[in-house]
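Chemist: One structure follows; several queries about it will come next.
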Amino acid sequence: MKITFDNVHHIYMEKTPFETTALKDITVTLPEGTCSAVIGRTGSGKSTLVQHINGLLKPTSGKVMVGDQIIHAKTKRKQLKLLRRQVGMVFQYPEHQLFEDTVEKDLLFGPKNIGLNTTKIKKKLPELLELVGLEPSLLERSPFDLSGGQMRRVAIASVLAMEPNVLILDEPTAGLDPKGQEDILTLLKDWQEKYQITMIIITHQMEEASRLAEKLIVMDNGQIAMEGRPEDIYAQNQMLQQLDLDVPERVKVLKYLEESLGIRFSKWSLTPKEAASELNMWMKKEKNHV
Amino acid sequence: MFEHVVIGQYLPGRSYLHKMDARSKLASVFLLIIIVFMTNTWAGYGLLWAGAVLVYLLSGVSFRYIRKGMFPIFLLIIFTFILHALFTQEGDVLVSVGVFTLYEGGVEQGLFIAFRLLLLVFFTSLLTLTTSPIDLTDALEQIFTPLKRFGVPAHEIALMMSIAIRFIPTLLQETEKIIKAQSARGADFSKGTWKERSQAFVALLVPLFVRAFKRAEDLAFAMEARGYNGGEGRTKLRKLTWTLRDSAACAAVVIFGICLFFFRS
Ligand SMILES: Nc1ncnc2c1ncn2[C@@H]1O[C@H](COP(=O)(O)OP(=O)(O)OP(=O)(O)O)[C@@H](O)[C@H]1O
Ligand SMILES: [Mg+2]
């Protein structure tokens, strides 16, 4: 589903001394069926922005359109129900939301709430667990006995089980080890490509954004500082530095190779392996030329 | 979501009341409570309300906050008023409808009780609205310190209070976050059958408790690791300072109390 923000403002605790304007004048479109990344320093309004997409927050003014549903300041709760069914959201530290006595029950909590056929989903659970890199035998275990990384995977799976058309992830890899981060990003990317859903991922790291996203949105102080294709954003080096962001190392290396060798890579989001194989192919071709 | 929780909420500011020492504020509120309970005439309550307005003006707090803070107990006040008005049978009969008879004494009694409750909540709300929780517990600790001789663990009580107060906002934030997370998984906290709603609350309470215990454990370890071992010989980073302003305020309250004493019947 296409997501459009039209002139959205959000003020927390309006009309109190604690009033904070978290979003100012946000107008942006997130294209359907692709992955967008929201990036920016802490407190820049990233979480506030994405919580508008499933109506957890309503704009103070302006409107948000998700598919053909409109969310504005006066939207009723009831109308949001349908939205919740289509938009899945994985929060920062999602393992904090686990509560059932078995992993299986926790995974079924969401699907049951939105009225999906649980018997059908139950059959798919072992497959889903494997997909997030867990043993299907964990289904009978208590989620509180799992390690932090395993809990994170269960929590992500519990949202995937709802089969959302739009998937939002708020820093899904925060606090994981590098291997765990890599695994989670890979599984998310695969899921997105397999089901062609619209995915939005919040992150602090350019590195991560560059791996997944076809569109980058850089937030600063409640406003959109930059938006566009990763390539175009990487080109604006100075602006990025002002925002405490850096071009990912991986992209720097690719750029350097392009400049010094004259090779053209197919995209900036190559993994080191893919880049190496492209480089290999190119070298072979060059050899033939000579 | 929790934008309307005001009880015990501190509003930073620079008013006369904000600048007062927490100890003098505590003492004044304590005296005022005694005065409120002592008063039993219309004139007395009139004066008390005048005093309340004066204190309110000195606090610089917007009236909306006080109203919000008072709201939860408003029903209680109305309820006690009705009970007293209906069941006290003194003085002349005012009206009589069916089995209910309203006596003058009953209405007076009911109003007095309602005034008392209102004034109590009013003064204590102003205290918490203008005093940071840390100052308040420091003041309480100092007031209770003399009782240590009788085995009252003043420092520990104060520590428990300040930790509890410190974690109220954290717990509220956590609650809000978990409500959001479970709502995103389709839980509905406000609609649906009792069964659905109680399921939603289990989904809120279990993670909340798990986190709270985890946090308590972490805090205990962290304190122990940094060598915390009770109040013995600890010094304070922040010192409470008693100024002329505080003496003046306490004196004013005492004089106010003496004046009101003559309005008793
Ligand atoms: N529930 C809330 N109540 C009041 N203010 C809030 C609330 N949530 C966020 N804010 C404020 O809104 C601003 C934006 O917060 P937000 O959580 O959207 O930032 P963020 O970009 O997600 O940060 P982080 O990277 O740390 O998660 C901050 O100034 C924050 O203090
Ligand atoms: Mg955030």
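Chemist: Can you list residue pairs whose Cβ atoms sit under 8 Å apart, with the first residue in the stretch A:32-46 being touching a residue at least 40 places away in the same chain (Cβ under 8 Å) and within 18 Å of A:Glu214 (Cβ to Cβ) and the second being part of a loop (DSSP other than H, G, I, E, B) and within 8 Å of ligand 1 (Cβ to nearest atom)? Count only pairs 6 or more apart in sequence or on different chains.
Modeler: A:Ile39/A:His204
Chemist: Being open to solvent by 40 Å² or more (accessible area, probe 1.4 Å), away from ligand 2 (no atom under 14 Å from the Cβ), more than 10 Å from chain B (Cβ to nearest Cβ) and without any contact (Cβ under 8 Å) to a residue 12 or more places away in the chain is the requirement here; does A:Thr119 meet it?
Modeler: Judged against the criteria, A:Thr119 is a match.
Chemist: Looking only at the stretch B:220-250, count every residue that is farther than 25 Å from B:Leu26 by Cβ, modelled with pLDDT of 85 or more and part of a loop (DSSP other than H, G, I, E, B) and tell me the total.
Modeler: Matching residues across the stretch B:220-250 total 3.
Chemist: Another question about this same structure. Return the pair list, or none, for Cβ contacts closer than 7 Å from residues in the stretch B:149-174 that are within 14 Å of chain A (Cβ to nearest Cβ) to residues that are in a helix (DSSP H, G or I) and at pLDDT 85 or above, at least 6 apart or on different chains.
Modeler: Partner pairs satisfying both residue conditions: B:Leu171/B:Ala212; B:Glu174/B:Leu208; B:Glu174/B:Arg211.
Chemist: With the requirement that a residue be under 12 Å from A:Leu57 (Cα atoms) and open to solvent by 80 Å² or more (accessible area, probe 1.4 Å), what does the stretch A:77-86 give you?
Modeler: The answer is A:Arg77, and nothing else.
Chemist: If B:Lys191 satisfies all but one of (1) assigned to a loop (DSSP other than H, G, I, E, B); (2) touching a helix residue (DSSP H, G or I) at 6+ places or on another chain (Cβ under 7 Å), what's the number of the condition it fails?
Modeler: (2)
Chemist: Just the residues that are over 23 Å from B:Ser183 (Cα atoms), within 15 Å of the chain's Cα centre (by Cα), near ligand 1 (Cβ under 10 Å from one of its atoms) and not small (Gly, Ala, Ser), please, taken from the stretch A:1-53.
Modeler: A:Ile39
Chemist: For the stretch A:106-198, give me every one of the helices (runs of 4 or more DSSP H) that falls completely inside it and has 1 or more residues that are in contact with a Gly (Cβ under 7 Å, 6 or more places away or on another chain).
Modeler: Helices (runs of 4 or more DSSP H) meeting the threshold: A:148-160, A:178-195.
Chemist: Test A:Val218 against the stated conditions and say whether it is buried (at least 20 other Cβ atoms within 10 Å of the Cβ), touching a residue at least 12 places away in the same chain (Cβ under 8 Å) and either in contact with an Asp or Glu (Cβ under 6 Å, 6 or more places away or on another chain) or more than 27 Å from A:Asn7 (Cβ to Cβ) (or both).
Modeler: No, not satisfied.
Chemist: Also, I was wondering about something else. Restricting to the stretch A:92-109, name every residue that is more than 7 Å from chain B (Cβ to nearest Cβ), open to solvent by 10 Å² or more (accessible area, probe 1.4 Å) and without any contact (Cβ under 8 Å) to a residue 60 or more places away in the chain.
Modeler: A:Glu100, A:Asp101, A:Thr102, A:Glu104, A:Lys105, A:Leu108
Chemist: Return yes or no: is A:Glu249 acidic (Asp, Glu) and in contact with a Phe, Trp or Tyr (Cβ under 6 Å, 6 or more places away or on another chain)?
Modeler: No: the conditions fail for A:Glu249.
Chemist: Next question, about the same structure. Residues in the stretch A:207-239 that are under 14 Å from A:Lys255 (Cα atoms) and either outside the structural domain of A:Pro59 (by TED's automatic domain parsing) or part of a helix (DSSP H, G or I) (or both): how many?
Modeler: Selection size over the stretch A:207-239: 8.
Chemist: Checking the conditions here, which among A:Ala225, A:Ala276 is more than 30 Å from A:Ile3 (Cβ to Cβ), away from ligand 2 (no atom under 16 Å from the Cβ) and either without any contact (Cβ under 8 Å) to a residue 40 or more places away in the chain or not aromatic (Phe, Trp, Tyr) (or both)?
Modeler: A:Ala276
The values are calculated or read from the model by the stated rules, or taken from the named source; none is laboratory data. Bear in mind the structure is a predicted one, so any value in this text is a computation, not a measurement. All Cβ positions, glycine included, derive from the backbone under ideal geometry; neighbour counts span all protein chains shown. The accessibility values were calculated without ligands, DNA or RNA, using every heavy atom of the protein model including side chains. Shrake-Rupley method; radii C 1.70, N 1.55, O 1.52, S 1.80 Å.
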